[in-house]
Amino acid sequence: MPPVVPESAPPPKLRDAALILPLLGAFLLLPPLTDLFVAPMRIAGIPLIVLYLFGVWLGLILVALWLARRLRGPEPGGRPSWPGEEPGLHETPAGPQGGAAPGPPAVPRDGG
């Protein structure tokens with residue numbers, strides 16, 4: 001009998017990709033591979049090795065973000081969620097009348 005997988009479970013290929021991504025990043029940053037980009041060549045005044053290192057770093061971050069969003073799945077309302085985002089996070093709390101949130105009582109000022 002095949003194992004029962006919940007409908008909300010991410011596909012195994014995505015989980016595998018999330019496990020392989022750190023290994024790929026480590027491989028791309030190993031000295032034998034980075035030594036290929038140590039050259040006196042500059043692009044827009046930036047050494048090639050610096051562009052390679054920051055390019056790999058940025059690529060890993062973007063792929064990790066994409067994988068995280070795909071693994072988490074859409075919210076029940078259909079809107080995809082960002083990691084760490086909670087519903088109503090950017091809303092201001094309403095007071096008892098639906099206006100601004102209650103704060104400390106106003107201190108009367110002297111008119112003089």
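Restricting the first member to segment 13-38 and to residues that are without any contact (Cβ under 8 Å) to a residue 40 or more places away in the chain and closer than 16 Å to Val63 by Cα, and the second to residues that are among the aromatic types (Phe, Trp, Tyr) and open to solvent by 40 Å² or more (accessible area, probe 1.4 Å), no beta-carbon pair is closer than 7 Å while six or more apart or on different chains. If the condition is being at pLDDT 70 or above and either surrounded by 10 or more Cβ atoms within 10 Å (Cβ to Cβ) or in a loop (DSSP other than H, G, I, E, B) (or both), then segment 1-18 contributes Ala9, Pro10, Pro11, Leu14, Arg15, Asp16, Ala17, Ala18.
The values are calculated or read from the model by the stated rules, or taken from the named source; none is laboratory data. Small disclaimer: the values here were computed from a predicted structure and weren't measured. A quick note on method: Cβ atoms are made from the backbone with ideal geometry, for glycine too, and the neighbour counts reach across all protein chains shown. Ligands, DNA and RNA are excluded from the accessible area calculation, which covers all protein heavy atoms including side chains. Shrake-Rupley method; radii C 1.70, N 1.55, O 1.52, S 1.80 Å.
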